[in-house]
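Working notes, structure below.
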Protein chains: 2
Amino acid sequence: MKISDLIEQYINEIFEGSDVVELNRSSLADMFNCVPSQINYVISTRFIPELGFYVESRRGGGGYIKISRANSTKQEYISSIIQKIGSKLSQSVIDIYLDDFIRYNLLDKNTALLIKVALSDKSLNKVDKQKRDEVRADMLKNILINI
Amino acid sequence: MKISDLIEQYINEIFEGSDVVELNRSSLADMFNCVPSQINYVISTRFIPELGFYVESRRGGGGYIKISRANSTKQEYISSIIQKIGSKLSQSVIDIYLDDFIRYNLLDKNTALLIKVALSDKSLNKVDKQKRDEVRADMLKNILINI
DNA sequence: TGATTTTGACTTTCTTTGACTATTAATATT
DNA sequence: AATATTAATAGTCAAAGAAAGTCAAAATCA
């Protein structure tokens with residue numbers, strides 16, 4: 001098995017326990033007896049946004065590479081909601097969804113409030129009234145996909 | 001965790017109680033087993049004016065470093081941005097703003113991403129193209145007001 | 001042969017350290 | 001009382017150290 005696959009496998013094993021993995025690039029490279037840049041290669045080819053991964057890093061002393069992934073149960077829940085959302089969403093229905101999201105820990109309160117504000121009539125003032133609910137539906141779906 | 005982070009954390013803990021922190025540089029350095037100038041490093045990289053901190057100091061016997069946080073500054077920063085935002089905002093200009101917000105710790109990356117998605121052309125698909133930039137401006141202002 | 005993987009030299013960013021400088025307060029001297 | 005000296009602080013700046021990023025050449029695989 002090639003080394004990139006082994007590294008990928010190793011990272012995925014750490015993911016078993018949580019949705020965040022923090023790596024030290026050079027130790028990992030040592031561990032697999034490869035050059036550090038191979039870690040970048042693995043990350044950039046396997047832990048990509050399209051697969052629900054998000055990567056942050058920092059250089060310098062105490063540097064790190066942090067990979068987060070969209071939790072899979074969350075992922076399922078999100079897709080089910082996206083299915084349910086039709087082509088229109090009123091402000092009040094959105095509020096109900098948002099409360100649910102908070103209850104299920106999909107969002108924290110601040111984020112929920114932010115979405116509420118973003119999708120409010122006030123924000124959508126310039127949009128024709130008849131179209132607002134459609135825009136809201138599109139926006140919420142898009143947001144959910146990217147959470 | 002690296003030493004600068006520990007020092008930052010310690011100072012932030014003192015801030016829990018009040019809006020002013022008075023430090024003795026060398027004792028702090030002793031406490032964290034580092035050279036005194038590291039305290040300056042921490043202050044100059046983390047307790048910066050952009051984030052609403054104001055630093056005073058005095059040398060000589062009984063010298064000190066005093067950090068105050070201006071609660072209003074973040075708010076002032078937000079208001080100044082709201083002023084600056086005109087009636088239209090393109091997707092690309094929004095990206096610049098969001099980067100600034102992340103840099104100034106006004107938003108974390110996920111929240112910024114969420115806003116980006118919410119205000120994207122994809123979300124605003126049903127809105128007339130000519131109107132999208134206006135809607136974006138309204139939305140961002142509303143979001144900022146409610147942060 | 002074309003795509004993927006491996007390697008490594010070079011770059012960039014952030015942190016730590018320490019030598020040297022500047023300022024202030026306290027104390028001693030005139 | 002005014003002035004000089006000493007001690008106690010803090011500030012500055014650049015070098016060294018500790019990561020991670022980039023990019024393209026070389027190697028390997030299908």
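Some notes on this structure:
- Count of residues meeting criterion [over 30 Å from A:Ser26 (Cβ atoms) and touching a residue at least 40 places away in the same chain (Cβ under 8 Å)] in the range A:54-88: 8
- If you go through the range B:51-74 and keep only what is aromatic (Phe, Trp, Tyr) and either under 12 Å from B:Ile7 (Cα atoms) or within 12 Å of DNA strand D (Cβ to nearest atom) (or both), you end up with just B:Tyr64.
- When the range B:16-39 is filtered for residues that are within 13 Å of DNA strand C (Cβ to nearest atom) and hydroxyl-bearing (Ser, Thr, Tyr), the ones remaining, listed by number, are B:Ser26, B:Ser37.
- Across the range B:11-50, the qualifying residues are those that are among the hydrophobic types (A, V, I, L, M, F, W, C), under 23 Å from B:Leu107 (Cβ atoms) and more than 12 Å from DNA strand D (Cβ to nearest atom), and the one among them that is surrounded by the fewest Cβ atoms within 10 Å (Cβ to Cβ) is B:Ile48.
- Hits in the range A:68-98 (condition: surrounded by fewer than 12 Cβ atoms within 10 Å (Cβ to Cβ), of a type in the set (D, E, K, R) and over 18 Å from the mean Cα position of the chain (by Cα)): A:Lys84
- Residue-level check: of (1) among the small types (Gly, Ala, Ser); (2) away from DNA strand C (no atom under 16 Å from the Cβ); (3) more than 10 Å from chain A (Cβ to nearest Cβ), B:Gly60 misses just (2).
- Taken together, A:Lys122, A:Lys129, A:Lys141 contain a single residue that is surrounded by fewer than 16 Cβ atoms within 10 Å (Cβ to Cβ) and either away from chain B (no Cβ under 11 Å) or touching a residue at least 12 places away in the same chain (Cβ under 8 Å) (or both), which is A:Lys129.
Matching residues to (1) over 28 Å from A:Gly60 (Cα atoms); (2) among the hydrophobic types (A, V, I, L, M, F, W, C); (3) touching an Asp or Glu at 6+ places or on another chain (Cβ under 8 Å):
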{"position": "B:Gln38", "(1), (2), (3)": "no, no, no"}
{"position": "B:Val42", "(1), (2), (3)": "no, yes, yes"}
{"position": "B:Phe53", "(1), (2), (3)": "no, yes, no"}
{"position": "B:Gly63", "(1), (2), (3)": "yes, no, no"}
{"position": "B:Glu76", "(1), (2), (3)": "yes, no, no"}
{"position": "B:Ser79", "(1), (2), (3)": "yes, no, no"}
{"position": "B:Lys84", "(1), (2), (3)": "yes, no, no"}
{"position": "B:Ser90", "(1), (2), (3)": "yes, no, yes"}
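- Long-range neighbours under 6 Å by Cβ, at least six apart or interchain, first residue at pLDDT 95 or above within the range A:3-28, second of a type in the set (Lys, Arg): A:Glu8/A:Arg46; A:Glu22/A:Lys66
- Complete set of residues in the range B:9-36 that are of a type in the set (Ser, Thr, Tyr) and closer than 23 Å to A:Gly61 by Cβ: B:Tyr10, B:Ser26
- Selection from the range B:29-40 of residues that are assigned to a helix (DSSP H, G or I) and either outside the structural domain of B:Phe15 (by TED's automatic domain parsing) or without any contact (Cβ under 8 Å) to a residue 24 or more places away in the chain (or both): B:Ala29, B:Asp30, B:Met31, B:Pro36, B:Ser37, B:Asn40
- Scan of the range B:41-53 for residues that are within 13 Å of DNA strand C (Cβ to nearest atom) and in contact (Cβ under 8 Å) with a residue 12 or more places away in the chain, ordered by number: B:Tyr41, B:Val42, B:Ile43, B:Thr45, B:Arg46, B:Phe47
- Helices (runs of 4 or more DSSP H) lying entirely in the range B:44-134 (those with 3 or more residues that are in contact with a Ser or Thr (Cβ under 7 Å, 6 or more places away or on another chain) and farther than 27 Å from B:Ser18 by Cα): B:109-118
- Candidates are the residues of the range A:102-115 that are free of Cβ contacts under 8 Å to residues at least 12 places away in the same chain and within 13 Å of chain B (Cβ to nearest Cβ); the one that is surrounded by the fewest Cβ atoms within 10 Å (Cβ to Cβ) is A:Lys109.
The values are calculated or read from the model by the stated rules, or taken from the named source; none is laboratory data. Please read these numbers as outputs of a predicted model, since none were measured by experiment. Counting neighbours? That spans all protein chains shown, and the Cβs are built from the backbone with ideal geometry, glycine included.
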